[in-house]
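Here is the structure we will look at, set down as structure tokens.
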Amino acid sequence: PWVSLSQAMQYMELIPKELQPVAGTDGAFHRRRRLTRQLPLYDQDPAHCRGLAEGEQKLMEEFVKKYKAEALGVGEVALPGQGGSGKEEGKPQDKSIDPSKAPESPNGALESAPAAGHYRCETCKQAVPGDCPVVYADRAGYGRQWHPACFVCCRCAEPLVDLIYFWKSGAAWCGRHYCESLRPRCAGCDEV
């Protein structure tokens with residue numbers, strides 16, 4: 001998604017200082033740690049699983065393919081009322097979108113749009129100013145938005161690293177907890 005430099009800077013300022021992923025900072029270290037915790041390689045690629053039989057490897061490949069098609073998404077940063085515009089690759093967002101027009105959900109159905117200037121964060125329920133960047137999750141529909149610091153896993157409440165989420169039961173999950181909600185995780189090797 002295309003955002004202006006000023007919007008990108010404002011977005012970063014809305015993330016707690018200690019979590020801002022700037023190279024060489026504690027925030028960058030925390031990002032790498034959250035990335036390996038929230039998105040374990042062995043949850044995404046059967047080649048990283050230890051000791052899978054051939055049949056188990058096929059099942060794991062199907063599991064990964066299914067969750068990528070049905071639940072995986074990457075959040076989009078935009079101003080309130082502008083989520084979902086410019087969805088075509090390389091196309092900048094259309095700044096002339098009418099915020100009072102109902103946005104379309106991923107299935108093409110119209111959603112009810114908040115009254116102009118009356119946007120609320122899905123997590124904290126606080127009002128979102130019209131000039132404040134928010135995060136949209138296309139699988140949730142563009143009628144919902146989150147403050148950058150509020151876009152967290154519904155299970156562990158950790159910020160979703162790189163805005164990568166898994167949508168299930170009306171909520172955003174990190175990869176670890178989404179996979180655990182579908183399959184048991186081994187306490188010894190940590191694999192599902």
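Of the peptides 50-63, 165-178, how do they stack up when ordered by the mean number of other Cβ atoms within 10 Å, highest first?
In descending order of packing, they fall as 165-178, 50-63.
Which peptide among 118-124, 14-20 comes first, and what is the full order, when sorted by highest mean count of other Cβ atoms within 10 Å?
118-124, 14-20
In sequence order, what are the phi-derived ³J(HN,Hα) couplings for the stretch 36-43 according to the Karplus relation 6.51 cos²θ - 1.76 cosθ + 1.60 with θ = phi - 60°, rounded to whole Hz, with x for glycine and proline?
Per residue, the Karplus-derived 3J(HN,Hα) values read 6, 6, 7, 10, x, 4, 6, 8 Hz.
Long-range amide H contacts for LYS168: which residues qualify at under 5 Å (H placed 1.01 Å from N, peptide plane, sequence gap of 5 or more or a different chain)?
TRP173
Mind putting a number on the dipole of the stretch 116-190 about its Cα centre? Charges go on the C-beta only, +1 for Lys and Arg and -1 for Asp and Glu, and I need it in Debye to the nearest 20.
280 debye
Values quoted throughout were computed directly from the atomic coordinates according to the rules given, and no laboratory measurement underlies them. What you see is a predicted model; the values in this text were computed from it and never measured. FYI the Cβ positions are ideal-geometry reconstructions off the backbone, even for glycines, and counts take in every protein chain you see.
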